[in-house]
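Structure first, then comments.
No value in this document is a laboratory result; all are computed from the given coordinates. Remember, predicted model here, so these are calculated numbers, not experimental data. For neighbour counting, all protein chains shown are included, and Cβ atoms are generated from backbone atoms with ideal geometry for every residue, glycine included.
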Amino acid sequence: MNIETIMRTSAVIPVLVIDDAAIARPLAEALVAGGLRVLEVTLRTPAALDAIREMKQVPGAIVGAGTVVSTDQFEQVMDAGGEFIVSPGLTEGLGRVIVDSGVPFLPGIATAGDIMRGYDLGLRYFKFFPAETSGGLKALKALAAPFHEARFCPTGGITEASAPEWLAFEKVLCVGGSWVTPSGAAMPDVEAKARAAAGLRA
Ligand SMILES: O=C(O)C(=O)C[C@H](O)[C@H](O)COP(=O)(O)O
């Protein structure tokens, strides 16, 4: 599976911060049942790698890691069975290691220089991060104009209310966000939010 296929799988990639690996499997089941199959587990918590292992057991789930900022973390995610990598930014060193591995990679960009660094590495798919505070949709449209092959997953500050506007831009293949899994939400609520999110792209 390549990163374009992953980005086109669902309109929304839920960005997950998991404190307890015991909830990972039921959470993934709720998200997949609601129609969101692509799951980004951020490496922000000690439970994240175990959460990836748990979520991989759920049929239909495509489980990757977010917040990957070092080659050590990349290797840990590979050991845990992660299927794609999301980073908040793009460095040549880490980018080269991931590109050479062939693992689907979605690095963060916020400037033309970032995108050019990605082009140098052969990348064409990027996370626009942090989307709202980097100037929002207006900024992304201006930034995307010189890079006709680039496609994006805006993330950061996007809500259920603002997502449709982002998704209407043809260079946006999906959006990322944490709104689908508010902390403490019951699983039926997560499933309902996932279903609403999955239906955002016409
Ligand atoms: O951890 C990372 O690597 C990140 O990239 C951060 C997340 O993408 C944002 O935290 C999205 O969160 P919301 O703005 O709450 O939707």
Exercise for the section: Kindly write out, for segment 121-137 in residue order, the coupling ³J(HN,Hα) from the Karplus curve 6.51 cos²θ - 1.76 cosθ + 1.60 (θ = phi - 60°), rounded to whole Hz, with x marking Gly and Pro. Expected result: 8, x, 8, 10, 10, 9, 8, 8, 9, x, 4, 5, 7, 8, x, x, 4
Exercise for the section: Show that you can apply the helix-only estimate: for the chain, add -39,500 (n - 2.57) for every DSSP H stretch of four or more residues, divide by all residues, and state [θ] at 222 nm to the nearest 500. Expected result: -11500 deg cm²/dmol
Exercise for the section: Could you work out the relative contact order of the chain, using alpha carbon pairs under 8 angstrom and six or more residues apart, expressed as a whole percent? Expected result: 24 percent
Practice task
Using the Cα centre as the reference, give the magnitude of the dipole from point charges on the C-beta atoms of segment 1-122 (Lys, Arg: +1; Asp, Glu: -1; all else neutral), rounded to the nearest 20 debye.
Solution key: 280 debye
Fill in the blank from the handout: Using alpha-carbon positions, the gyration tensor of segment 1-157 gives root eigenvalues a ≥ b ≥ c; with a/c under 1.5 called rounded, otherwise prolate if a/b exceeds b/c, else oblate, the class is prolate
Handout entry: In order through segment 20-36: 3J(HN,Hα) via Karplus (6.51 cos²θ - 1.76 cosθ + 1.60), integer Hz, x for Gly, Pro
Key = 9, 4, 5, 8, 4, 5, x, 5, 5, 4, 5, 5, 5, 4, x, x, 9
Problem - Only Lys, Arg (+1) and Asp, Glu (-1) charged, at Cβ; segment 3-75 dipole about Cα centre in debye - result: 240 debye
Handout entry: Residue among 41, 180, 69 with the largest mean-square fluctuation in a Gaussian network model of the chain, springs linking Cα atoms under 10 Å
Key = 69
Completion exercise
GNM on the chain, Cα springs under 10 Å; top mean-square fluctuation among 99, 86, 58 goes to 99
Handout entry: Hits among lysines - C-alpha to C-alpha of residue 171 under 20 Å, sequence gap 8 or more where chains match
Key = 127, 138, 141
Practice task
State the answer as a single residue: which of 33, 145, 80 lies farthest towards the positive end of the charge dipole of the chain, with beta carbon charges of +1 for Lys and Arg and -1 for Asp and Glu, about the Cα centre.
Solution key: 145
